[in-house]
Each structure stands twice: as C-alpha cells, then as structure tokens.
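Everything on this sheet refers to the single structure shown next.
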Amino acid sequence: MPGPLRRPAALLALIVLVSVAAVAVALVSQYQYDMQPCPWCTLQRLIFLVVGGFALLGLLIPSNGVRRVMAAGGLMFSIAGIAAALWQHFVAASSDSCNLTLADRIMKTLGLFDLAPSVFAPMASCAEASVKLLGIPYAFWSLTLFVVCAIGCVQVMRTARI
C-alpha cells in the first residue's frame, strides 16, 4: 500500500497548501514587516496561485486523466516559477530598476496591478526587494517552494494512472 504522499490527491493537496502558504507569507512579509515586492516578486505570487489553481482543479475532479493534465500544467508553471526566482536573484537583484522588465510587462498586460494592487502591485525596485529571511535570499525560499511543487506535480503524473 502506498504512503499518503504517494497518492495523487494528497500530493495535489500539498501543492495547493504550499502555493497558498507561499503567497500568504509574502503578504505577511509585505504588510507586517515592510518587505516591499518588486515586479519579479509579484510575478512569482501569480505563478504560485496558478500552480495552486491547477492542483486544486486536479483535486476537485477525481479523474486520474484530469489529475495528470492538471499536474502537467502545474509542472510547467512551477518551472516558470523556478526560472523567475533564479532570474530575480542572479539578474534582477543587481538592477536598480525593474521597470519594463518581462515581469513588469506580464503583470501590466494581465491588468493585475490595477485589479488586485494589494497583492500584485510592485512597491520596490529589484535591488530594494533583494532581502533575506533567516539569512537566505527570499528568492531562494521561493525557488525551493517551486521545486517542491514541481516534484509533487511529477509524482502526481507518475502515480495517477489513466
């Protein structure tokens, strides 16, 4: 009998939890500890919500085929999140301005700065937003959570038989 974290539903629930928790921690950091986000930070928030949305749909629709498709979508966005976190740390953090970067353009095009400014509006430059939590760059925390989501999505794709 497989362990609980080898079951697709449990994995999908874990991915939803990780994704929502990542955004919740980012918002607490912003509003309680004045750690203002840059466009790359807010883009990662969006990606976490999309990954969590795919996982939630897979959880709510108990078809293994649907779960595999949702996990594949979650995996693609997790990989995008990994790329965004790496870019934020290694490239954007050394830039004084994030204005008109890919992250900025994506968020503006989607209208999220205006639709939900308390969650998605950038309030700092990339250099200003380059902060550490427990001595580890925030982007690496995000990167780690995207990797966890990606591994979970791969495991769902492997265990959810059609």
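Computed values, structure above
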{"read-out": "Condition met for Thr109 (under 17 Å from Gly52 (Cβ atoms), polar (S, T, N, Q) and without any contact (Cβ under 8 Å) to a residue 24 or more places away in the chain)", "value": "no"}
{"read-out": "Some residue of region 102-121 being buried (at least 18 other Cβ atoms within 10 Å of the Cβ), closer than 28 Å to Tyr33 by Cα and over 15 Å from the mean Cα position of the chain (by Cα)", "value": "yes"}
{"read-out": "Residues (of a type in the set (S, T, N, Q), out of contact with any Phe, Trp or Tyr (no Cβ under 7 Å at 6 or more places or on another chain) and assigned to a helix (DSSP H, G or I)) located in region 31-47", "value": "Gln32, Gln44"}
{"read-out": "Cβ pairs under 7 Å, 6+ apart, first in region 123-137 and polar (S, T, N, Q), second in a loop (DSSP other than H, G, I, E, B)", "value": "Ser125/Cys38; Ser125/Asp96; Ser125/Ser97; Ser125/Cys98"}
{"read-out": "Residue in region 65-81 that is surrounded by fewer than 13 Cβ atoms within 10 Å (Cβ to Cβ) and over 27 Å from Tyr31 (Cβ atoms) present", "value": "yes"}
{"read-out": "Pairs where the first residue, in region 33-57, is more than 23 Å from Ser94 (Cβ to Cβ) and the second is not hydrophobic (A, V, I, L, M, F, W, C), C-beta under 6 Å, 6+ apart", "value": "Phe48/Ser19; Val51/Ser19; Val51/Gly74; Val51/Ser78; Gly52/Ser19; Phe54/Gly73; Phe54/Gly74; Ala55/Gly74"}
{"read-out": "Candidates Ala103, Ala22, Ala93, filtered to the one that is touching a residue at least 60 places away in the same chain (Cβ under 8 Å) and within 17 Å of Leu133 (Cβ to Cβ)", "value": "Ala22"}
{"read-out": "Options Phe48, Phe54: the member that is in contact with a helix residue (DSSP H, G or I) (Cβ under 6 Å, 6 or more places away or on another chain), among the aromatic types (Phe, Trp, Tyr) and over 17 Å from Phe140 (Cβ atoms)", "value": "Phe54"}
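Every number here is computed from the coordinates shown, using simple stated rules; none is lab data. Quantities reported herein were computed from a predicted structural model and do not represent experimental measurements. Cβ sites come from the backbone with ideal geometry, for glycine too, and all protein chains shown count toward neighbours.
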